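The values are calculated or read from the model by the stated rules, or taken from the named source; none is laboratory data. In this text the structure is predicted, and so the values were computed from the model without any measurement. So basically every Cβ, Gly included, is an ideal-geometry build from the backbone, and we count neighbours across all protein chains shown.
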Amino acid sequence: MLLKTRGTAFNINESIVGRVTRNQFELDNSSFLICEDELPERDNPFIGVLTKHKIHTNAYYSQPIVSNVPNFDHLSNGDIVVVNEDGTIRTLYRANSHHNVLFVTERCNSNCLMCSQPPKDKDDISRLYKINQKLISLIPKDCFELVITGGEPTLLGELFFKTLETLKEQLPKTEIHVLTNGRSFAWRNMAERLSNINYNRVMFGIPLYADYYQVHDYIVQAKDAFNQTILGLHNLARYNQRIEIRIVLHKQSVPRLTRLSKYIYKNLPFAQHITFMGLEYIGYTPHNIDKLWIDPHDYIDELNESVEFLAGQGMQVSIYNSQLCVLPQNLWKYCRKSISDWKNSYLPICQSCTKLNECGGLFTWNLDKHSDYINPFLV
Ligand code: SF4
């Protein structure tokens, strides 16, 4: 799905965040008008115009305008975009989706072998913070859920907490899911600062890949990461934060999976949710595929034992990014349709499958790298 397009920008000196509409009667001073046909009157009480028309001079408007945009088919009324000086129009929020994120930085203090969004060491924090503050103010108050992601969100420092405070104030009914490696919470004052916000709609999704520090540290490519993450998990629990533990399944994590599940039960019983997640074939993964790939069919025994053990102890367990035909039927009740709509696809053979509507399918980028055991159900 297209989330970015580009045209020729006029009168734009810094990134502008606004809601798009094609309806002239819905316009306000936070709106961009998508203009497929005739251009509107000069200078209007909205932010600016996005148009397919070919304009070669800014003589017509003094307002921001992006012209020569190839098409707007991917944008619905109410979507929120950021329009940049170079004419790029990035979708930040899709009004008709439950899968929206606040992307807060490309920086990270880990460098995981299978990172789907490889970190970049660039100073983007204050720019993205400003964009996200405006974005939050425009998101509808009935938004069900938002994911805060990066990079590593806690690297924002005080701006991370201010982002949560803004969300609590402006979107009090929205569930917030923070994807973090949890290492920053090894410092107790970070967890304490969090608890002072007193925000019970936040869940922290934190990866843990092994019960043994050398394996976890190798997977995340960061010394002391295991100790920091475990300390961080305990500090978050000490301050009554809600925690989800996320385990990506691959050749490095599978051998200790059952030991990890026992470790979690014994040492992290406060976790509210444990997710076992299939591997995404994007980011670093294609480069490290020899170190990572194991056909999901070949880890069924380890997955089965780990899931049934944790569920048997009364813990809430889910399996993400997996296909029903690859798993034994006793695990289906743990499978969730976890892949965001904009990156969710099915193979051509899935069209004949009787479980198509119940199956979560694949990441679009996994269409070329998936289990050899995908096989449609015919009855
Ligand atoms: S064939 Fe496709 S739709 Fe059917 S269970 Fe397998 S992956 Fe899912």
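In the condition set (1) free of Cβ contacts under 8 Å to residues at least 12 places away in the same chain; (2) within 14 Å of ASN181 (Cα to Cα), ILE245 is compliant with all but (1). Pairs are defined by a Cβ separation below 6 Å, a sequence spacing of at least 6 or placement on different chains, a first member in the stretch 349-376 that is in the same structural domain as LYS333 (by TED's automatic domain parsing), and a second member that is within 8 Å of the ligand (Cβ to nearest atom) and modelled with pLDDT of 95 or more; no pair meets this definition. For the stretch 314-335, the set of residues classified as at positive phi and surrounded by fewer than 20 Cβ atoms within 10 Å (Cβ to Cβ) consists of GLY314 only. Looking at (1) surrounded by fewer than 17 Cβ atoms within 10 Å (Cβ to Cβ); (2) within 20 Å of SER116 (Cα to Cα); (3) within 13 Å of the ligand (Cβ to nearest atom), which is the only condition PHE363 fails? Failing condition for PHE363: (1).
Scanning the stretch 111-123 for residues that are in contact (Cβ under 8 Å) with a residue 60 or more places away in the chain and either surrounded by fewer than 19 Cβ atoms within 10 Å (Cβ to Cβ) or outside any loop (DSSP other than H, G, I, E, B) (or both) gives ASN111, SER116, GLN117, PRO118.
Reported count of residues in the stretch 368-379, each being closer than 20 Å to ILE319 by Cα and more than 11 Å from the ligand (Cβ to nearest atom), is 2. Checked against the criterion of being modelled with pLDDT under 95 and assigned by TED's automatic domain parsing to the domain that holds ALA225, the candidates GLN133, GLN117 yield just one match: GLN117.
Residue check: ARG94 meets all listed conditions (1) of a type in the set (D, E, K, R); (2) assigned by TED's automatic domain parsing to the domain that holds SER253; (3) at pLDDT 95 or above but one, namely (2). Residues in the stretch 75-97 that are within 16 Å of ARG22 (Cα to Cα) and surrounded by fewer than 19 Cβ atoms within 10 Å (Cβ to Cβ) were compared, and the one that is farthest from the chain's Cα centre (by Cα) is ASN77. Can LEU292 be described as more than 16 Å from the ligand (Cβ to nearest atom) and either touching a His at 6+ places or on another chain (Cβ under 8 Å) or farther than 30 Å from ASN200 by Cβ (or both)? It is true that LEU292 is more than 16 Å from the ligand (Cβ to nearest atom) and either touching a His at 6+ places or on another chain (Cβ under 8 Å) or farther than 30 Å from ASN200 by Cβ (or both).
Go through (1) within 16 Å of the ligand (Cβ to nearest atom); (2) free of Cβ contacts under 8 Å to residues at least 12 places away in the same chain and name the single condition ASP298 misses. All conditions pass for ASP298, except number (1).
The residue that is nearest to the ligand (Cβ to nearest atom), counting only those in the stretch 336-354 that are among the charged types (D, E, K, R) and either surrounded by fewer than 14 Cβ atoms within 10 Å (Cβ to Cβ) or closer than 11 Å to SER322 by Cβ (or both), is LYS337. Any residue that is surrounded by fewer than 21 Cβ atoms within 10 Å (Cβ to Cβ), free of Cβ contacts under 8 Å to residues at least 12 places away in the same chain and not in a loop (DSSP other than H, G, I, E, B) - is there at least one of those in the stretch 13-26? Among the residues of the stretch 13-26, at least one is surrounded by fewer than 21 Cβ atoms within 10 Å (Cβ to Cβ), free of Cβ contacts under 8 Å to residues at least 12 places away in the same chain and not in a loop (DSSP other than H, G, I, E, B), which makes the answer yes. One residue stands out among those in the stretch 186-226 that are aromatic (Phe, Trp, Tyr) and touching a strand residue (DSSP E or B) at 6+ places or on another chain (Cβ under 8 Å): the one that is farthest from ILE274 (Cα to Cα), which is TYR199.
When we screen SER306, SER318, SER322 for residues that are under 24 Å from ILE219 (Cα atoms), within 11 Å of the ligand (Cβ to nearest atom) and either modelled with pLDDT of 95 or more or of a type in the set (A, V, I, L, M, F, W, C) (or both), the only hit is SER322. With respect to the conditions (1) away from the ligand (no atom under 12 Å from the Cβ); (2) touching a residue at least 12 places away in the same chain (Cβ under 8 Å), LYS333 lacks only one, and its number is (2). Among the residues of the stretch 161-193, those that are free of Cβ contacts under 8 Å to residues at least 40 places away in the same chain and of a type in the set (Ser, Thr, Tyr) comprise THR166, THR174, THR180.
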